[in-house]
Amino acid sequence: MKITREFIERIPKTDLHVHLDGSVRLNTILELAEEQGIELPGDPQTEEELAKSINMGAICEDLTDYLKAFDVTLRVMQTEEALYRIAFELGEDAARENVRYMEVRYSPLLHTRNGLSYPVIVEAVAEGLREAKRQYGLMSGQIICGIRHMTPESSLRMAELCVAFKNRAVVGFDLAGAEANNPAKDYREAFYLVRNNNVNLTIHAGEAYGPESIHQAIHLAGAQRIGHGTRLREDGDLLNYVNDRRIPLEVCLTSNVQTRATKSFESHPLPFYMSYGLRCTLNTDNRLVTDTTMTEEIWRAVQYYDLNIGDLRKLMIDGFKSSFMPYRKTRSVTAQAAAEFDSVVRQFEESTGESAITDPSVAQEIAFQQATANSRTPQVYSVAPEDRGYTLRERNSSSDNKRGSDDSDDDSEEKTAVTEEVSQAE
Ligand SMILES: [Zn+2]
């Protein structure tokens, strides 16, 4: 059975890395600007003109070029009503393509121009997402971002906000913004605050800077997931650590090509990461700016890397497993999603008259996934990390990447039980 775009649209999906201010509908920007009497740069009158003015989907010259879009979206995201609407519509767009769980990130720091307070901002977004849940059943949570090119104090304020909204609307903290010259270590107070309060942590790292940035994110900040991790392949030893600890990567394929984090789809490390057994999740990053959807991201991965049903199933399950939902919830949602995936496969097999799995190794991979569906990300511990800095750290040779890896999946603590279950099934 050939994997089609329709099939990808039908399967249950997650989106763990999506920026609210990068994922606004074109017509919503125009309507909100009109309503609020705000002039947009270049005074675009149509969706086409607006798309052009923000470089929607285009490969950008540099970061300034890429950030143009956020200058536009943020202008119309300064009221409760606008935040509510944009959060709801993002949930609606995601739910319509069968995204079942989404973690929406943004920084309240950027929505205070009209005097909104941080808690009011979080509540407005939460209410929009709640409405998406009521209407479409979409599960979601917010990730609050500190910003690298703003002051460490401002990130600390965002960390406090996470703690205040923990177990309500917020599921985690993130550090976003320009990686170069803004190392994670400068924001350690914010990280310590969220970690001391048992709040989940993910950090943008290895997108616009090398693996040193990922090293800091994990060992100094204590990140449980890595946003992007595109340049992790440059440090084989760290790559093995990330693999062994099952630290999930939030891969944003199209966005990486757009911002030149990687030269092309062909040279993106995703297929290498997947074959090496890293826990990869696929994500949109910015639906508007990158002109994408989850269906589109997976479809591109299938086309460029020739993924099979087993690969797709693993990507989908790893998305659910890597969520910041509580463990018991993650467990049941992952099991449900896996069952639904299998049922969609059966429906497509029946309608096409072709078998989805012809390769025995794919069947074996799926049996392993079924047995390990309940495992999730272990906590990463970082005690008194050594400060290696960005520039002091020595590079490892790429030969480190060649360390043997027959453990195609999963949490080691689950392995014993898993092996037993698989052999019982036989
Ligand atoms: Zn991002």
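The values are calculated or read from the model by the stated rules, or taken from the named source; none is laboratory data. No experiment lies behind these values; they were computed from the predicted model shown. Heads up, the Cβs are rebuilt from the backbone with ideal geometry, glycines too, and the neighbour counts pull from every protein chain shown.
Taking every residue in the stretch 100-111 that is among the acidic types (Asp, Glu) and pairing it with any residue that is surrounded by fewer than 24 Cβ atoms within 10 Å (Cβ to Cβ) and not in a strand (DSSP E or B), at least 6 positions away or on another chain, the pairs with Cβ-Cβ distances below 8 Å are Glu103/Phe324.
Looking at Thr112, Thr73, can you tell me which residue is among the β-branched types (Val, Ile, Thr) and more than 16 Å from the ligand (Cβ to nearest atom)? It would help to see each step written out before you state the result.
Details: Thr73 fails: more than 16 Å from the ligand (Cβ to nearest atom).
Only one candidate passes the filter, namely Thr112.
Out of the residues in the stretch 272-288 meeting the condition of being assigned to a loop (DSSP other than H, G, I, E, B) and within 15 Å of the ligand (Cβ to nearest atom), tell me which one is surrounded by the most Cβ atoms within 10 Å (Cβ to Cβ).
The first filter runs over the stretch 272-288 and keeps only residues assigned to a loop (DSSP other than H, G, I, E, B), leaving 277-279, 283-284, 286-288.
Next cut, within 15 Å of the ligand (Cβ to nearest atom) only: 283-284, 286-288.
Details: Asn283: 26, Thr284: 31, Asn286: 27, Arg287: 22, Leu288: 26.
Among residues in the stretch 272-288 that are assigned to a loop (DSSP other than H, G, I, E, B) and within 15 Å of the ligand (Cβ to nearest atom), the one surrounded by the most Cβ atoms within 10 Å (Cβ to Cβ) is Thr284.
Is it the case that the stretch 83-96 has a residue that's at pLDDT 95 or above, surrounded by 17 or more Cβ atoms within 10 Å (Cβ to Cβ), of a type in the set (D, E, K, R) and touching a His at 6+ places or on another chain (Cβ under 6 Å)? No, that holds for no residue.
For (1) within 18 Å of the chain's Cα centre (by Cα); (2) part of a helix (DSSP H, G or I); (3) more than 16 Å from the ligand (Cβ to nearest atom); (4) surrounded by fewer than 18 Cβ atoms within 10 Å (Cβ to Cβ), each residue gets a yes or a no:
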residue	(1), (2), (3), (4)
Thr14	yes, no, no, no
Ala33	no, yes, yes, no
Pro41	no, no, yes, yes
Pro44	no, no, yes, no
Lys52	no, yes, yes, yes
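Considering only the stretch 63-73, how many residues are in contact (Cβ under 8 Å) with a residue 40 or more places away in the chain and surrounded by fewer than 18 Cβ atoms within 10 Å (Cβ to Cβ)? The qualifying residues number 1.
Here's a check for you: in the stretch 158-188, which residue that is at pLDDT 95 or above and of a type in the set (Asp, Glu) is surrounded by the most Cβ atoms within 10 Å (Cβ to Cβ)?
First, the residues of the stretch 158-188 that are at pLDDT 95 or above: 158-166, 169-175.
Narrowing the set further to residues that are of a type in the set (Asp, Glu) leaves 160, 174.
Details: Glu160: 16, Asp174: 28.
Checked the stretch 158-188; the qualifying residue surrounded by the most Cβ atoms within 10 Å (Cβ to Cβ) is Asp174.
Val170 meets each of the listed conditions (1) more than 16 Å from the ligand (Cβ to nearest atom); (2) on the phi > 0 side of the Ramachandran plot apart from (2). Restricting the stretch 289-305 to residues that are part of a loop (DSSP other than H, G, I, E, B) and more than 13 Å from the ligand (Cβ to nearest atom) leaves a set whose member that is surrounded by the most Cβ atoms within 10 Å (Cβ to Cβ) is Thr293.
Which ones in the stretch 173-197 are on the phi < 0 side of the Ramachandran plot and among the small types (Gly, Ala, Ser)? Please lay out each step first, then the result.
Filtering the stretch 173-197 for residues on the phi < 0 side of the Ramachandran plot gives 173-176, 178-180, 182-197.
Result: Ala176, Ala178, Ala180, Ala184, Ala190.
On the stretch given as the stretch 343-374, residues that are assigned to a helix (DSSP H, G or I), farther than 29 Å from Tyr327 by Cα and among the acidic types (Asp, Glu) total 2.
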